[in-house]
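Encoded as structure tokens, the structure appears first; notes follow it.
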Amino acid sequence: MLSRVDFLVMGAGVAGLRAAIELARHGDVLVVTKESLSESNTHYAQGGIAVAMEGDQDVALHLEDTVNAGDGIVYRPAAEALVAEGPIRVAELIEWGAQFDTEGGELLRTREGAHSLPRILHAHGDATGAEISRSLVAFARAHKRIRFAEWTMVTGLVGADGRVIGADLTRANLFSADALHPEPKTRRISTRSVLIAAGGAGQVYSDTTNPGVATGDGIALAASAGAPTDRSSSVGWRAGVELADMEFYQFHPTALSLPGAPRFLISEALRGEGAYLRNDKGERFMERYHTLLELAPRDVVARAIAREGIGDEPGETRLVHLDMRHVTGIDLHKRFPGVSAFLARHGLDLARDLIPVRPAAHYLMGGIRTDLAGRTSLPGLYAAGEAACTGVHGANRLASNSLLEGLVFGARAAQSMLADDLQMISGGDPAAKCTPLSRGEAKFVEEQIAGLQQAMWSYAGLLRDEFTLREGFSVHIACVTGLAELAEKGKGSRRLSEAQALTRISHAILYSAIHRTESRGAHFRNDYPKRDDENFRKHSVLKSNGQIVFEKW
Ligand code: SIN
């Protein structure tokens, strides 16, 4: 069994895989993922990948769109790197086998919200993420120096001499909530450096487009490794990694809204191809909210739908629909095969029916604070993709910039891991042992997760204020207390570990949101509805000592 590897990558989405391919040019790489290789936010991305393939002018426009969507706090050097290196990374990806949709040999491009022109490449209609994931996995699998550990969790970071020197890995299917499973086996791997590319945390909300694996494990691990109460981490040292911009959670405007059905993503590309939004009176309402109508920035559209969905009586909701019935000239089922097939399972047809939609948590703009080369505030620990925060998205990510971010910053992080050339040191404290949960304890963990998700949706969702955020804190604290009792008893399970991660993420969101007393991008405060550039044209940074500061980058 492997006990040493040059580089450990946590996460097998676009950022992790792209980094692994780069790292494998100079060392052995282990890619660790909690479920199978295909279970990532990347895999489920539908609409496409935004990229400016037509030269300098095109790149400059992509930069402006990215900066404008970010509502005043995009870190410009990060956005410059994204749009300038994006075309190189996409060309490379095509060379490695990714098949984007073409017509007459030309790449097809669509438009999405807040883009000034069509620049979104797509694959198999609405399966862009799956195609990118397929091509990267195939390319990485063919590489002798890359190994994969599927169904495995990174349950601790090992530290010594003020840096990360390894990680504890636990088989996720044994690390089960079920008392009948054997005690989880943890092994320690020494490594020169660790990259966290484990994606976002949509599961912190009850309504999300993200798959079940998106529980923010990587962010929580980096933020809390070594905290004395956390039995699943190595004890005796603190990672001290900073998080940034955690109040900015993007809510995708159009997730399917059918009782009993999951919040399936109805891609923004449908609006790019002409779909209208209609309220329960059948009116196109976006003209009251933004001149770009249905293609306004995502945060504006999401809030507009939320507002149109509020009924006259407390708790009453009104339906909002996406309407493609007027769209002619394209075969909707061919252009959107994945969406069409999912809708068909629920008796709906894009060409015939109004599609009920409402917002759902989709993408975390914040995350582990890194420089432009993926370095965190802790030597030996790097981050890229949705788990990281370079400031590239500011307060609101431009549609379809996330797959590009994974490619560009995954490659960059790997390059700095190679350049930093840290040497392998073995050792660190022994891994904490834990015992499986009883059935009652496992049920308790599920209840805690569900309560937290519901509270985050109700109190820290699209529209927040001081009162709701404080309510969110009360639920968070009760949840932390309950889970801490299990951890103190030496209990461990995958779901307990995920629950602990979700509490850390929710704390970071609530704490950052309560301190940002303004509205900007995806963060809207009913009690502070205006943007306050004088005080808050800044990024929030959560320090390892628990302090929050607002910094200009
Ligand atoms: C979508 O297809 O609407 C999602 C694209 C994105 O998250 O940018």
Handout entry: Pairwise centroid distance, computed over Cα atoms, of region 1-24 with region 483-553, Å
Key = 28 Å
Problem - ³J(HN,Hα), Karplus 6.51/-1.76/1.60, whole Hz, each residue of region 32-43, x for Gly, Pro - result: 10, 9, 5, 10, 7, 4, 8, 9, 8, 4, 3, 4
Practice task
Note down the magnitude of the dipole of the chain about its Cα centre, charges +1 on Lys and Arg C-beta and -1 on Asp and Glu C-beta and zero elsewhere, to the nearest 20 debye.
Solution key: 1200 debye
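I'd like to compare 214-220, 142-148, 159-165: which one has the highest average count of other Cβ atoms within 10 Å, and what's the full order after that?
The packing order, highest mean first, is 214-220, 159-165, 142-148.
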Handout entry: Dipole magnitude (debye, nearest 20) for region 4-128, charges at Cβ of Lys, Arg, Asp, Glu
Key = 360 debye
Practice task
Sort the following peptides by mean Cβ neighbour count (other Cβ atoms within 10 Å, averaged over residues), highest first: 270-278, 100-108, 359-367.
Solution key: 359-367, 270-278, 100-108
Handout entry: Crossing angle, helix 494-515 versus the chain [Cα axis fit, 0-90 degrees, rounded to tens]
Key = 60 degrees
Practice task
Please work out the FRET efficiency for the pair residue 258 and residue 53, using the Cβ-Cβ distance as r and a Förster radius of 30 Å; give the result to the nearest 0.05.
Solution key: 0.20
Exercise for the section: Report, in degrees rounded to the nearest 10, the 0 to 90 angle that the Cα long axis of helix 439-459 makes with the longest principal axis of the chain. Expected result: 40 degrees
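Note down the relative contact order for region 1-68 as a percent, whole number, built from C-alpha pairs under 8 angstrom at least six residues apart. Could the numbers behind the result be given before it?
Details: 53 pairs, mean separation 19.0, N = 68.
For region 1-68, the relative contact order is 28 percent.
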Fill in the blank from the handout: By the mean-Cβ-within-10 Å protection proxy, highest first, 463-471, 24-32 rank as 24-32, 463-471
Exercise for the section: With a Förster radius of 56 Å, plug the Cβ-Cβ distance of residue 344 and residue 423 into 1/(1 + (r/R0)^6) and report the FRET value to the nearest 0.05. Expected result: 0.50
Practice task
Could you size up the charge dipole of region 242-377 around its Cα centre, putting +1 on the beta carbon of Lys and Arg and -1 on that of Asp and Glu, and report it in debye to the nearest 20?
Solution key: 320 debye
Handout entry: Lysine pairs meeting the criterion (Cα under 18 Å, 8 or more apart or interchain), as found in the chain
Key = 11
Practice task
For the chain, find the longest principal axis of its Cα atoms and tell me its angle to the long axis of helix 14-23, 0 to 90°, nearest 10.
Solution key: 50 degrees
Completion exercise
Once amide hydrogens are built 1.01 Å from N within the peptide plane, the residues lying 5 or more places from residue 377 or on another chain with amide H under 5 Å from its amide H are 242
Handout entry: Under Karplus coefficients 6.51, -1.76 and 1.60, residue-wise ³J(HN,Hα) of region 122-133 in Hz, glycine/proline x
Key = 9, 9, 6, x, 10, 10, 5, x, 4, 5, 5, 4
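How much of the DSSP beta bridge set in the chain is antiparallel, as a percent to the nearest 5? It would help to have the intermediate numbers written out before the result.
On the way: 45 of 67 bridges.
Counting only bridges with both partners in the chain, antiparallel ones make up about 65 percent.
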Completion exercise
For region 366-378, Karplus-derived ³J(HN,Hα) couplings (6.51, -1.76, 1.60; θ = phi - 60°; whole Hz; x for glycine and proline) come out as x, x, 6, 5, 10, 7, 6, 10, x, 7, 8, 7, 10
Practice task
Taking H placed 1.01 Å from N in the peptide plane, check which residues at least 5 places from residue 435 or on another chain put their amide H under 5 Å from its amide H.
Solution key: 491, 492
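Coordinate-derived values only; no laboratory data. The structure presented is a predicted model; accordingly, all values stated were derived computationally and were not measured. Backbone-built Cβ (ideal geometry, glycine too); neighbour counts: all protein chains shown.
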